[in-house]
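The values are calculated or read from the model by the stated rules, or taken from the named source; none is laboratory data. Remember, predicted model here, so these are calculated numbers, not experimental data. Quick reminder, even Gly has a Cβ in these numbers, built from the backbone with ideal geometry, and neighbours come from all protein chains shown. Please note that ligands, DNA and RNA were not included when accessible areas were found on the heavy atoms of the full protein model with its side chains. Shrake-Rupley method; radii C 1.70, N 1.55, O 1.52, S 1.80 Å.
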Amino acid sequence: MFGYCKSLFYPVQVQLRDPVFGQVLLEHYGGKDSEYSAASQYLNHRSNMRNRHLRDLLGLIAAEEMGHMEMIAVAINKLGGPPLCYVNSQGIPWNMSYVDQSLDPIAMLQADVEAEVRARILYNQHFTMTNDPGLKKMISFLGSREDVHKHLFQKAQALIQHSAPAEQFHALIVEYKLSLQKL
């Protein structure tokens, strides 16, 4: 299911060290609304999703979230932030309560939409906390990907609610892959 690629989804450029902002970015690494939380949740939902196309979509997005986590790790290191571990900016350890355990497909996708919304809000807050142009570009990129994921999860919910045929669910995979070509 997974493959490792040394290149990042988007370049991480940092002009000046800023350990304080590196600490702030831990929210995206090991906080409640982190990339790690999202990836863990989507992999769990993938394992419980009966629709094979939605399983694929959740797996693709979970893998991308792990790529986002790698970008955050690079940024924190370049900023001279703290050692990377699964904690938020206050040092509170990550815990399993951050991962939705729903089993109903609509409820799972709704939890995934909400996770993307919370992550987008967090990226928007952190965008305003730095003047580094490279970090602003990276944060903007990550926020825009959260929007793509949210949109796809919402479309998936609508397809389930309308008992759509398999080819319409497959179109979500195509749309996801097309969104990556725009990077």
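For the range 134-153, filtering for residues that are within 20 Å of Leu57 (Cβ to Cβ) and either open to solvent by 10 Å² or more (accessible area, probe 1.4 Å) or not in a helix (DSSP H, G or I) (or both) leaves 5. Of the residues making up the range 86-132, just one is basic (Lys, Arg) and either at pLDDT below 95 or more than 16 Å from Ser40 (Cβ to Cβ) (or both), namely Arg120.
When the range 16-55 is filtered for residues that are of a type in the set (A, V, I, L, M, F, W, C) and open to solvent by 30 Å² or more (accessible area, probe 1.4 Å), the ones remaining, listed by number, are Leu16, Val20, Leu43. Number of residues in the range 134-161 that are in contact (Cβ under 8 Å) with a residue 60 or more places away in the chain and of a type in the set (Lys, Arg) equals 2. Looking only at residues in the range 166-176 that are at pLDDT 95 or above and not acidic (Asp, Glu), which one is surrounded by the fewest Cβ atoms within 10 Å (Cβ to Cβ)? Here the answer is Val174. Of all residues in the range 56-98, those satisfying the criterion of being of a type in the set (Phe, Trp, Tyr) and open to solvent by less than 60 Å² (accessible area, probe 1.4 Å) are Trp94, Tyr98. With respect to the conditions (1) within 24 Å of Leu183 (Cα to Cα); (2) assigned to a helix (DSSP H, G or I); (3) out of contact with any helix residue (DSSP H, G or I) (no Cβ under 6 Å at 6 or more places or on another chain), Ser7 lacks only one, and its number is (2).
Scanning the range 70-96 for residues that are of a type in the set (Gly, Ala, Ser) and over 18 Å from Ala119 (Cα atoms) yields Gly80, Gly81, Gly91.
Taking first residues from the range 3-16 that are under 15 Å from Ala62 (Cα atoms) and of a type in the set (A, V, I, L, M, F, W, C) and partners that are exposed (fewer than 10 other Cβ atoms within 10 Å of the Cβ) and modelled with pLDDT under 90, the Cβ contacts under 7 Å between residues at least 6 apart in sequence or on separate chains come to Phe9/Leu183. The helices (runs of 4 or more DSSP H) falling completely within the range 20-133 that include 1 or more residues that are more than 12 Å from the chain's Cα centre (by Cα) and without any contact (Cβ under 8 Å) to a residue 40 or more places away in the chain map to 35-48, 52-79, 105-127.
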